[in-house]
């Protein structure tokens, strides 16, 4: 791998710290500023609330490397273990008026109110509703003509990833060809998840490898809910819009509402 691929990552920012930060970003929907020092870690929310955690409360937790399952998203298979903590923030709000005993009269059990299931489609943000409508009304079409590479597994991944990045740079208005290439990358990723990730890390910076893995996995997961041919009859769907969705929005708002 050439040094040009790592120009966006300074030498003082090691892969272990970058992995932890990007993993935290992919798994939270709350905007936080995290300041790390030798003695403590400070978490700052946008509304001004802060929480300081002293590092002597941290306990090392080792998480062995595992292959990513289809149910998980945006998780790097080989992220090094890092310091975690199970200490609950003392700023967390706890209800104070909670009855400890059943105070209803004898012989009359407390009433149970069953709420109707929540209709998620009625509360979808517009940018997600647009994608849901776009995919649900699309009809299966033939995919864009793409010459798929031959050779070893690694050679196929390398050729598809290079072609995907090249199309994004040369033809930014082409929505469907990048979707096709990301779909083909997703098929390869499902064959050998660990090999796929290790090869991307060897060819690209950790950040670029993470982006390639994320879009390949998201396009593949969408294709498991709708007909893959529907990807190529859409008007608004693009790899950039799929990539910008938060983990929560993709998992809990987009996928469940596809038909």
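Just so it is clear, none of the values below were taken in a lab; they were calculated from the coordinates. As the structure is a computational prediction, the values presented were derived from the model and not from experiment. Quick reminder, even Gly has a Cβ in these numbers, built from the backbone with ideal geometry, and neighbours come from all protein chains shown.
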Once the piece of chain linking residue 23 and residue 46 is laid out straight, how much longer is it, given 0.36 nm per residue of separation minus the C-alpha distance between them? 6.3 nm
Hey, rough spin-label estimate for residue 165 and residue 39, points 7 angstrom out along Cα→Cβ, what's it come to in nanometres? 4.3
Computed lengthening from residue 152 to residue 246, 0.36 nm per intervening residue step minus Cα-Cα distance: 30.5 nm
Among 131-137, 194-200, how do they line up by average Cβ neighbours within 10 Å per residue, starting with the highest? 194-200, 131-137
In nm, what is the difference between 0.36 nm times the number of residues separating residue 145 and residue 258 and their Cα-Cα distance? 38.1 nm
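Tell me, what is a quarter of the convex hull surface for the C-alpha atoms of the range 123-257, in nm² with one decimal? Could you put the intermediate results ahead of the total?
Details: hull surface 32.2 nm².
Mean orientational projected area (the range 123-257, Cα hull): 8.1 nm².
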